[in-house]
1. Can you compute the modelled spin-label distance between A:GLU61 and B:GLU71, with each label point 7 Å from Cα toward Cβ, in nm?
2. Rounded to the nearest 20 debye, what is the charge dipole size of the stretch A:3-117 about its Cα centre when +1 sits on each Lys and Arg Cβ and -1 on each Asp and Glu Cβ?
3. Tell me the carbon and sulfur percent of the accessible area for the protein assembly as shown, rounded to whole percent, probe radius 1.4 Å.
4. Amide H to amide H under 5 Å from A:THR115: which residues, 5+ apart in sequence or cross-chain, H placed 1.01 Å off N in plane?
5. Take peptide A:106-115, look around each residue's Cβ out to 10 angstrom, count Cβ atoms belonging to other protein chains, and average those counts.
6. Which residue, B:LEU77, B:LEU21, B:LEU39, has the most motion in a Gaussian network model of chain B that connects Cα atoms within less than 10 Å?
7. Could you order A:MET11, A:MET45 by accessible surface area, starting with the largest, using a probe radius of 1.4 Å?
8. Jot down the per residue volume, in cubic angstrom and as a whole number, of the convex hull over the alpha-carbon atoms of the stretch A:3-117.
Amino acid sequence: AQTVTQSQPEMSVQEAETVTLSCTYDTSENNYYLFWYKQPPSRQMILVIRQEAYKQQNATENRFSVNFQKAAKSFSLKISDSQLGDTAMYFCAFTSIAGGTSYGKLTFGQGTILTVHP
Amino acid sequence: GAGVSQTPSNKVTEKGKYVELRCDPISGHTALYWYRQSLGQGPEFLIYFQGTGAADDSGLPNDRFFAVRPEGSVSTLKIQRTERGDSAVYLCASSLSGGRDTQYFGPGTRLTVL
């Protein structure tokens with residue numbers, strides 16, 4: 001079974017500064033995807049960024065980038081130029097793409113509450 | 001519709017009652033997932049539909065929980081004899097065809113069992 005661990009229950013950052021959220025995972029699979037989702041108080045889970053395990057290049061989406069270390073099973077999210085609208089709960093998630101009945105099922109971490117201060 | 005919708009937004013019920021939670025996925029999406037999110041926790045997988053069939057229901061906690069998707073679009077999660085421990089936010093997500101496709105989430109239904 002896969003597990004995802006987020007060891008930072010809460011983080012805070014000043015507006016315009018950079019913050020990094022940590023995530024580690026455990027799996028015996030070789031083919032999988034990793035995700036960061038954002039959940040604001042409205043409860044709507046929004047995909048921030050995703051990384052395919054077979055790609056060595058780290059994914060980037062505007063101000064969001066990841067540091068994917070496959071051997072260490074680490075997947076951190078860096079948010080640059082933080083904005084007030086980035087305040088939310090952030091979840092790291094994993095899915096195996098090896099086929100079978102778990103195909104597409106997401107396993108989430110416990111979440112990190114990020115607060116951006118003006 | 002433009003996104004995944006879920007009704008009701010909030011549901012308060014009494015212990016022992018029966019409830020139904022509805023999910024309307026993005027049109028054309030064949031894959032549909034239900035997750036349960038307890039307060040302060042990450043979502044946990046409940047069940048996955050591919051079309052009309054439940055391809056993986058390994059996350060359903062017990063036989064009080066049941067879900068259907070009779071026409072391959074709208075899905076209903078049914079909970080019998082509700083217990084206080086069932087209180088949570090129930091999230092629905094859909095994707096184009098499952099697997100590596102991005103899952104789009106609805107706003108969830110907050111269920112409170114008194």
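1. Placing both labels 7 Å beyond Cα along the Cβ direction yields 3.2 nm.
2. 300 debye
3. That share works out to 47 percent.
4. A:MET11, A:SER12, A:VAL13
5. 3
6. Of the options given, B:LEU39 has the highest mean-square fluctuation.
7. A:MET11, A:MET45
8. Here the figure is 94 Å³ per residue.
The values are calculated or read from the model by the stated rules, or taken from the named source; none is laboratory data. The structure presented is a predicted model; accordingly, all values stated were derived computationally and were not measured. All Cβ positions, even for glycine, are placed from backbone atoms using ideal geometry, and neighbour counts span all protein chains on display. With ligands, DNA and RNA removed, areas are computed over all heavy atoms of the protein, side chains included. Shrake-Rupley method; radii C 1.70, N 1.55, O 1.52, S 1.80 Å.
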